[in-house]
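Colleague: Below is one structure. I have some questions about it.
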Amino acid sequence: MDGARDPYGALVSELMLQQTQVSRVLEKFGAFMGRFPTVFDLAAASEEDVLAAWSGLGYYRRARLLHAAAKAVVERHGGVFPDDPDALRALPGVGRYTAGALASIVFGRRVPIVDGNVERVLLRLHGNDAPPKDKQTQDWAWARAAELVDGAGSPGVLNEGLMELGATVCTPSAPRCPACPLRGACAAFGQGRTDEIPRPKPRAKQKDWFVACFVVEDGDRVLVETRGAEGLWAGMVQPPSVEGAEPLALDAAARSAGVTPGREIDRFVHVTTHRRVLFVVASGSVGATGVMEGRRWVTRGALAGLALSNAHRRVFGVG
Ligand code: SF4
């Protein structure tokens, strides 16, 4: 957003973004800055004018706090924004997150930022399944973010990168792990637990999802395939499988998986954030056509090192 790199513009946009969608903020930000181009203009304005310029953004308390912050910058700091996070935090409407954003992104100070997106990325990177809303978990995330920022070449770039990753790639459901640059270092991805971390809130009703999968063996090798790049367990490894929203008959499922079914081995329910996944597992065998594109043989010993979800670990008997 134009002007967001000067501290005044950054404060205006941060406060606007707190409870309003980016698209709406984009519509209003330019006009607001046009009406109050500097912190002195905003500090000198009447509350009525400020609220009028804020109209359409809702939550007018933020406009009053922004107005008060502008006055405080003029009165306490002669109109020059401090770069010290504590001095920033002492301004009305500026909490730990906004102070961190201004200090690191605008002034390049080594200060962490943790919002919901950053916390989720950190929890997944470390395989930490603590409840995300707990104060202890949030303290942990701030401490971890501080360590990262201490080692970063550019604190602002690191903070923006973490926030952007959480907003666009490491999304709450169905993160796009195959496209993620941190995949190799991510414990949740490596352990197949991206759907369990952050720990989901208990939900009233989850949809049922049915999976039939086939353990096809050839000596000490098993046949695996890689899931698609979107959706549940994106990019992870599984045995030849068929899935859908309706219960599956084993024979029909085996036919569409290109497998000759053997005996049923297991039946279990795996609960994810959004679904109750009902697994039926059978042995199977394939002819040459069953080892189709996208499938490959791996040794049983190599399975533990693959990106398997917990459910698929159970299917393969991997601890
Ligand atoms: S690999 Fe997946 S879970 Fe891990 S940080 Fe990247 S997107 Fe998030």
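Nothing in this text is a laboratory measurement; each read-out follows from the coordinates by a stated rule. Quantities reported herein were computed from a predicted structural model and do not represent experimental measurements. All Cβ positions, even for glycine, are placed from backbone atoms using ideal geometry, and neighbour counts span all protein chains on display.
Colleague: Would you calculate a helix-derived [θ] at 222 nm for the chain, using -39,500 (n - 2.57) for each DSSP H run of n ≥ 4 and dividing by the full residue count, to the nearest 500?
Modeller: Taken over the chain, the calculation gives -11500 deg cm²/dmol.
Colleague: If the chain between residue 86 and residue 41 were fully stretched, how many nm would it gain, using 0.36 nm times the residue separation less the Cα-Cα distance?
Modeller: Extra length from residue 86 to residue 41 when fully extended: 13.8 nm.
Colleague: Considering the zone a paramagnetic label at residue 297 would reach in this model (a point 7 Å from Cα along the Cα-to-Cβ line), which residues of the range 215-246 have amide N under 17 Å from it?
Modeller: 215-225, 239-240
Colleague: Please compute the contact order of the chain in relative form: average sequence separation of alpha-carbon pairs under 8 Å and at least six residues apart, divided by the residue count, as a percent.
Modeller: 13
Colleague: Classify the range 139-263: rounded, prolate or oblate, from the alpha-carbon gyration tensor (a ≥ b ≥ c, eigenvalue square roots; a/c under 1.5 rounded; otherwise prolate if a/b is larger than b/c)?
Modeller: The shape class here is prolate.
Colleague: Here is a follow-up. Rounded to the nearest 0.05, what FRET efficiency do residue 288 and residue 226 have when you use their Cβ-Cβ distance and R0 = 25 Å?
Modeller: 0.80
Colleague: How big is the C-alpha Rg of the range 38-111 next to the rule-of-thumb value 2.2 N^0.38 Å, as a ratio?
Modeller: 1.12
Colleague: What pairs in 71/135; 28/133; 28/71 have C-alpha atoms more than 26 Å from each other?
Modeller: In this structure, 71/135; 28/133 exceed 26 Å between Cα atoms.
Colleague: Please list, short to long, the whole-number percent of alpha-carbon pairs of the range 16-163 in consecutive 5 angstrom bins beginning at zero.
Modeller: 2, 10, 16, 18, 18, 16, 11, 7, 3, 1, 0
Colleague: Pop out the ³J(HN,Hα) list for the range 167-180 in order, Karplus 6.51 cos²θ - 1.76 cosθ + 1.60 with θ = phi - 60°, rounded to Hz; leave Gly and Pro as x.
Modeller: 6, 10, 10, 8, 6, x, 10, 6, x, 8, 4, x, 9, 8
Colleague: If you restrict to DSSP beta bridges whose two residues both lie in the chain, what percentage is antiparallel, to the nearest 5?
Modeller: In the chain, approximately 65 percent of DSSP beta bridges are antiparallel ones.
Colleague: Please report the projected area of the range 112-201's Cα convex hull averaged over all directions, in nm².
Modeller: Over every viewing direction, the Cα hull of the range 112-201 projects on average to 5.2 nm².
Colleague: Work out the FRET efficiency for residue 157 and residue 251 from their Cβ-Cβ distance, taking R0 = 51 Å, and round it to the nearest 0.05.
Modeller: Once the sixth-power term is evaluated, E becomes 0.40.
Colleague: Let me ask something additional. Could you state, as a whole-number percent, how many of the C-alpha pairs of the chain are farther apart than 33 Å?
Modeller: That fraction is 43 percent.
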